[in-house]
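Everything below concerns the one structure shown next.
The values are calculated or read from the model by the stated rules, or taken from the named source; none is laboratory data. Treat the numbers as computed from the prediction; the structure is a model and nothing was measured. All Cβ positions, even for glycine, are placed from backbone atoms using ideal geometry, and neighbour counts span all protein chains on display.
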Amino acid sequence: MRILVISDIHANLQALEACLAAFPAHDVVWNLGDVVGYGANPNEVVARVCELGSVFVRGNHDKACSGVGDLAGFNPVAAMAALWTQKNLTPANLEWLKALPQGPVKPDDSLDLACVHGSPEDEDEYLINVHDAAEPLTHPVAQCTFFGHTHLQGGFAMNGTGVQNLHPSYRYVNQAETIELQLASGTTYMINPGSIGQPRDGDPRSGFALYDTDAAVVHFYRLPYDIAGAQQNILDAGLPPRLAERLSGGR
Ligand code: ZN
């Protein structure tokens, strides 16, 4: 089975459209949350992800923007964007966001795979470094758990020798690129497909991943998109300009 794993679209329609046109052949789509928040096109993005598939976990922005969660932990810019999003979502999309399930979700009983937004223990926790990843890898909910939230593509692996950081290192900055990661048996993984709508690893290209279960290979992707268009939509919507600026640098 070929599982397309996507996360953190953040209402960035230009990024999602570019990805939709470039997604590799896949059987199912697993969405790790933060469909909305920050970007200017939440309704259009919700419509498209609903067409893509039915496996979701909710993200902290999905909660805040739909009123399930509060704005605790949100900086002023993120909070402004969440309130803007809440005001601009259609009632149907608001209800859809409210109903998104909390991770971990194990979408397929025949596969030792799980989906979370932050970490299995706490959907709002950031797994940024090997120290953060030690606990979920020591007591894993699956051999491989897909997570988002940090907007940092890559992840972590643990075998007998400790926790290792997995960081795809690409050669280019402005063209589509793919990097493969072969998973090993006897090793547990936390894999982050990267963020489609607001990458934060210094690479402004959209990130996503495909997991081929037969080959046990994760394919990481980076894809350029119309950043200027997404920025213009953010400014036209009256959202904080900082949310437009950060897309250029991937920060
Ligand atoms: Zn996010």
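Structure notes:
- Unique match (being assigned to a strand (DSSP E or B), surrounded by 18 or more Cβ atoms within 10 Å (Cβ to Cβ) and within 16 Å of the ligand (Cβ to nearest atom)) among 230, 209: 209
- Of residues in the stretch 195-206 being within 16 Å of residue 14 (Cβ to Cβ) and small (Gly, Ala, Ser), the one farthest from the ligand (Cβ to nearest atom): 206
- Helices (runs of 4 or more DSSP H) enclosed by the stretch 1-98 - at least 2 residues per element that are at pLDDT 95 or above and either of a type in the set (Phe, Trp, Tyr) or more than 20 Å from residue 240 (Cα to Cα) (or both): 13-22, 42-52, 91-98
- Every residue from the stretch 212-227 that is of a type outside the set (A, V, I, L, M, F, W, C) and either assigned to a helix (DSSP H, G or I) or under 16 Å from residue 199 (Cβ atoms) (or both): 221, 222, 224, 225, 226
- Considering the stretch 31-73, the residues that are crowded, with 24+ Cβ neighbours inside 10 Å and on the phi > 0 side of the Ramachandran plot include one that is nearest to the ligand (Cβ to nearest atom), namely 34.
- Within the stretch 146-161, considering residues that are within 12 Å of residue 189 (Cα to Cα) and either out of contact with any helix residue (DSSP H, G or I) (no Cβ under 7 Å at 6 or more places or on another chain) or part of a loop (DSSP other than H, G, I, E, B) (or both), the one nearest to the ligand (Cβ to nearest atom): 147
- Selection count, the stretch 74-126, where residues are of a type in the set (A, V, I, L, M, F, W, C) and over 28 Å from residue 211 (Cα atoms): 12
- Remark: pairs (first residue in the stretch 17-41, under 17 Å from residue 144 (Cβ atoms) and in contact (Cβ under 8 Å) with a residue 12 or more places away in the chain; second residue more than 16 Å from the ligand (Cβ to nearest atom) and of a type in the set (D, E, K, R); Cβ separation under 7 Å; 6+ apart in sequence or on different chains) = 26/2; 27/2.
- Candidates 194, 186, 202, filtered to the one that is in a loop (DSSP other than H, G, I, E, B) and either charged (D, E, K, R) or closer than 21 Å to residue 62 by Cβ (or both): 194
- Going through (1) in contact with a Ser or Thr (Cβ under 8 Å, 6 or more places away or on another chain); (2) at pLDDT 95 or above one by one, residue 159 falls short only on (2).
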